[in-house]
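*Asks:* Structure in structure tokens, see below.
FYI, it's all coordinate maths here, none of it is from the lab. From a predicted model like this one, the values you see are computed outputs, not experimental measurements. Backbone-built Cβ (ideal geometry, glycine too); neighbour counts: all protein chains shown.
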Amino acid sequence: MVLHLADALEIPLRERNALLVAAGYAPRYFETGLAAPEMARMRSAIELILRHQEPYPAFVLDRHWDIRMSNQAAARCTRFLLGAEPAESNMMRLLLHPAGLRPMMVNWEETAGDLVRHLHNQIAAWPSDERAKGLLAEVLAYPGVPARWRTREIGAPPAPLLTTIFRKGDAELRFFSTITTFGTPHDVTLEELRIECSFPADEATATSCRQLLGS
């Protein structure tokens, strides 16, 4: 009955395990580390996607927005914008913190606001996730973050396509992204992973990415 209810409500696997434990049953779904041998085929699939995304950036994120894997294009673009290796491996902190990529983002408020909206929705879906709540509280405390972001916008329609714009000197990089997830996963780790692939929104950005590859 618990699993039938979870299926009907499309509850995430982690929360299904919590429901089962609360009902006196053992957890049903494993949470296997990405480096485990049984994940080898999944890692190979992810690595293939990352390689094929070159020379454009791609990142593998977990549910707490930690960057678990990325391709070389992601590293090149980040180094180009920061002028150094990034000190942060969490996408939220990297994009929202004043010491990260925030000063290079032309449309920072639009992009960051969309990210915060996603984090609010994530917490609404996983109310027991204290780490996600802590991450939200942290980024909302950054200087310059609008006070209105502290409240979740219920029913606010997302933009059909968001272009993130970076500028460094005379160079401008414009990207839009697609998100890939695993279909019908039966492992908590796989369900919570997503692959974000960035594509150039104009020919100038495509040329810049090819030039970074050549350098």
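*Asks:* State the volume of the convex hull built on the alpha-carbon positions of segment 31-214, expressed per residue in Å³ and rounded to an integer. Intermediate results must be reported in sequence, preceding the final value.
*Replies:* Numbers: hull volume 24.5 nm³, N = 184.
It is 133 Å³ per residue.
*Asks:* Right, next: Multiply the residue gap between Ala36 and Ala137 by 0.36 nm, knock off their C-alpha separation, and tell me the result in nm, one decimal place. Write out the running numbers ahead of the final one.
*Replies:* Working: separation 101, 0.36 × 101 = 36.36 nm, distance 3.21 nm.
Taking 0.36 nm per residue and subtracting the Cα distance, the gain is 33.1 nm.
*Asks:* To continue, here is another question. In nm, to one decimal, how far is the Glu172 label point from the Glu85 one, both placed 7 Å along Cα→Cβ?
*Replies:* 3.3 nm
*Asks:* Say we join alpha carbon atoms closer than 10 Å with springs in a Gaussian network model of the chain; which of Arg167, Arg148, Arg16 then has the biggest fluctuation?
*Replies:* Arg148
*Asks:* Just how large is the dipole of segment 31-214 about the Cα centre, in debye to the nearest 20, putting +1 at every Lys and Arg Cβ and -1 at every Asp and Glu Cβ?
*Replies:* Numbers: 20 positive and 23 negative charges, 57 e Å.
Dipole size: approximately 280 debye.
*Asks:* For the chain, what does the helix formula give at 222 nm: sum of -39500 (n - 2.57) over DSSP H segments with n ≥ 4, over the residue count, nearest 500 deg cm²/dmol?
*Replies:* Taken over the chain, the calculation gives -13000 deg cm²/dmol.
*Asks:* Could I ask something else about it? Of His120, Cys77, Thr181, which is farthest towards the positive pole of the chain's charge dipole, taken about the Cα centre with +1 and -1 on the beta-carbons of Lys, Arg and Asp, Glu respectively?
*Replies:* Looking along the dipole axis, the top candidate is Cys77.
*Asks:* Another question about this same structure. Put a dot 7 Å past each Cα toward the Cβ at Ser44 and Ala204; how far apart are the dots in nm?
*Replies:* 4.3 nm
*Asks:* Long-range amide H contacts for Arg68: which residues qualify at under 5 Å (H placed 1.01 Å from N, peptide plane, sequence gap of 5 or more or a different chain)?
*Replies:* Correct list: Val60, Leu61, Asp62.
*Asks:* Distance in nm between label sites at Glu130 and Gln211, each 7 Å beyond Cα in the beta-carbon direction?
*Replies:* According to this spin-label approximation, the distance is 5.0 nm.
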